[in-house]
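Enquirer: Shown below is the structure under consideration.
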Amino acid sequence: MTQFNPQQLKVLETLKNETKFFLGVEVGAAKTILAIETWFKETTSDLIVVAPKSTWTESPGSTGWIVKMQKYNPNIEVVVFDGDNIAKQIEDRFFKMVDNPNPKLKRKVFAPYLRHPNKRRVFIFSYESMITFKEHLIVKDKETGLFKSKYPKDTFFLVIDEAHRCKDSRSERGKAARYLSQHIERVILMSGTPISKDPYDLLNYIWILDIKDPTTADFNSFELEYVVRYNKAPKFAGKFGKPLIKEFKNYDKLLEILQRKTLLATQKEMGIDVPEHTIKWVKLPKIAEYKGIFKGYNRSETFKSWYAKNSGVAFMGARSAASGYLNGENGIELLSSNPKIEWLEKALLTGNKFILFYNFDFERDTIKKLCDKLKVNYGEVSGEKIEYDATKNQIILLQYQAGSLGIDGLQHHYRYMINYSPTTNGSDYIQSIGRLVRGEQKQNVIVFNLIVDGTIEKMIYESLLEKENYTIKMFRKDQNE
């Protein structure tokens, strides 16, 4: 039986009484087990979990949704929708068409999925398979023109993990999450990523949670209350483009609306002891060719307009050059020096174990060559592969978007973390540190942020410390000039 502290028991009482709720609780604060407990104890529905594939894992030394379900109750049946032909898997499980019992009728009939009378079931979806499930579940009624579900609202209990990936109300993920919530009675959103300062990022949460307020009833009402735009649209926006956003207003009011069905809390506020961690800024020597990347930048024009014309060179080129490569017309080219790989080689020779976050494939490939040269055992978490063993790997290479979210268990085996190159997303940066700085970590964590002197990386890290997306910050700054 799972033991909960007083703070967690209060959260369970809230979840018991709310049909839709957002657990905006810091990473490592037991969100997953709180959601499982609520579903298992308070409903008879089958559970649908929507989560990144990295959080499903059963890799040695890690604990994902599958492992946590089995530990909670070994009798829970877990079904994962993965592999080839996801649509066929979903159809066979939930939307099977069978021969008509009336032999005179050739048209097949829908055979509804039935819950098992003696077994609780959990269905795990990726965000992409969630979209496919939504397209099958919700259909338009030919008579009324309204959308309806093929199943009663209490058939399923929906949990969306890392819900900030569904915050864009106009994305397919955002729409699917919203439509599913409208047709499923009980929903829990979960995210350890700090709530964004951008009001647009809060709007879809409010819609998914079905919080009624006149200022968020639709886009027009929302913009009137929370957005201030310039009087004229810029020339590059085209004939039908909107004026750019000048600033946001009434953010506190919007946050108060969201918090009607949201808990925002740190690990400490949830009664969990948090290990100490230290950030070490590793300043590396300049790369001779770096300045040449900005050749052709006319100081008389704004950085934004120059960026718009030279985006590949200006941004991606500047970031890749800081890692020792030129992303040019002829593809990826090696620069004369790579201070990061030289530093990493010395670090690996100490014998210490590390997790390392990177952005680009060429960074990963260079590090893998180094590991092969040094005969270092390594693992990998990327969009292409999830293959690691925390009990054996001296270093695990994690691509930010694939590895910064959901992976648990690394804190039992590692205390050193390396940010090989900075992400431009403040949420990913905080989440990456959360892989080690979480409950059950027994050692003080040390994070090494590698910065090549005289490069764009310094500016990116400054914006990360302000918890803001660097690209957004750059555009806003220029618009105000």
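The values are calculated or read from the model by the stated rules, or taken from the named source; none is laboratory data. The shown structure was predicted, so the numbers you read here are calculated from the model rather than taken from an experiment. Here Cβ is always computed from backbone atoms with ideal geometry, including for glycine, and neighbour counts include all displayed protein chains.
Enquirer: Residue under question is K340, and the condition is that it be in the same structural domain as Q431 (by TED's automatic domain parsing), at pLDDT below 75 and either under 30 Å from H412 (Cβ atoms) or out of contact with any helix residue (DSSP H, G or I) (no Cβ under 9 Å at 6 or more places or on another chain) (or both); does it hold?
Expert: Here the answer is no, as K340 does not meet what is asked.
Enquirer: Based on this model, can you work out whether A233 counts as free of Cβ contacts under 8 Å to residues at least 40 places away in the same chain and within 22 Å of F21 (Cβ to Cβ)?
Expert: No: the conditions fail for A233.
Enquirer: Still on this structure: Quick check on this structure: which one of K134, K148, K140 is of a type in the set (D, E, K, R), within 24 Å of E172 (Cβ to Cβ) and modelled with pLDDT of 95 or more?
Expert: One residue alone meets the criteria, K134.
Enquirer: Those residues that are of a type in the set (S, T, N, Q) and within 20 Å of V25 (Cα to Cα), I need them from segment 388-425; list them, please.
Expert: Q401, S404, Q411, N425
Enquirer: Restricting to segment 149-192, give me the number of residues that are under 13 Å from the mean Cα position of the chain (by Cα) and among the hydrophobic types (A, V, I, L, M, F, W, C).
Expert: 5
Enquirer: Still on this structure, I have one more. Just give me the residues in segment 378-397 being among the polar types (S, T, N, Q) and surrounded by 13 or more Cβ atoms within 10 Å (Cβ to Cβ), in sequence order.
Expert: S382, N393, Q394
Enquirer: Now, a different point. Being at pLDDT below 95, surrounded by 11 or more Cβ atoms within 10 Å (Cβ to Cβ), basic (K, R) and in the same structural domain as V11 (by TED's automatic domain parsing): is that true of K71 here?
Expert: Answer is yes for this residue.
Enquirer: Another question about this same structure. Tell me, please, whether a residue that is at pLDDT 85 or above, among the polar types (S, T, N, Q) and within 19 Å of D218 (Cα to Cα) can be found in segment 245-257.
Expert: Among the residues of segment 245-257, at least one is at pLDDT 85 or above, among the polar types (S, T, N, Q) and within 19 Å of D218 (Cα to Cα), which makes the answer yes.
Enquirer: Name every residue in segment 249-280 that is in a helix (DSSP H, G or I), farther than 23 Å from A29 by Cα and in contact (Cβ under 8 Å) with a residue 12 or more places away in the chain, in order of residue number.
Expert: Y251, K253, L254, I257
Enquirer: Considering only segment 366-450, give the strands (runs of 3 or more DSSP E) lying wholly within it that have at least 1 residues that are under 22 Å from I460 (Cα atoms) and at pLDDT 85 or above.
Expert: Strands (runs of 3 or more DSSP E) meeting the threshold: 395-399, 416-419.
Enquirer: For segment 181-211, how many residues are hydroxyl-bearing (S, T, Y) and modelled with pLDDT of 95 or more?
Expert: Count: 2.
Enquirer: So, one more: Considering only segment 433-463, state which residues are small (G, A, S) and either closer than 22 Å to L284 by Cα or surrounded by fewer than 21 Cβ atoms within 10 Å (Cβ to Cβ) (or both).
Expert: Within segment 433-463, G439, G454, S463 qualify.
Enquirer: Here's something else I'd like to know. For residues in segment 143-185 being surrounded by 23 or more Cβ atoms within 10 Å (Cβ to Cβ) and β-branched (V, I, T), which is nearest to T44 (Cα to Cα)?
Expert: That would be V159.
Enquirer: What helices (runs of 4 or more DSSP H) completely inside segment 1-114 contain at least 2 residues that are free of Cβ contacts under 8 Å to residues at least 12 places away in the same chain?
Expert: 6-17, 65-72, 86-94
Enquirer: Let me ask something else about it. Since K283 meets every condition but one in (1) exposed (fewer than 14 other Cβ atoms within 10 Å of the Cβ); (2) modelled with pLDDT of 90 or more; (3) assigned by TED's automatic domain parsing to the domain that holds K10; (4) not in a helix (DSSP H, G or I), which condition does it not meet?
Expert: The failed condition is (3).
Enquirer: Right, here's the next one. Search segment 19-30 for residues being closer than 17 Å to A177 by Cβ and not β-branched (V, I, T), and hand back the single one that is surrounded by the fewest Cβ atoms within 10 Å (Cβ to Cβ).
Expert: K20
Enquirer: Restricting attention to segment 37-64, which residues are modelled with pLDDT under 90 and surrounded by 17 or more Cβ atoms within 10 Å (Cβ to Cβ)?
Expert: Correct list: P52, K53, S54, T55, W56, T57, S59, G61, S62, T63, G64.
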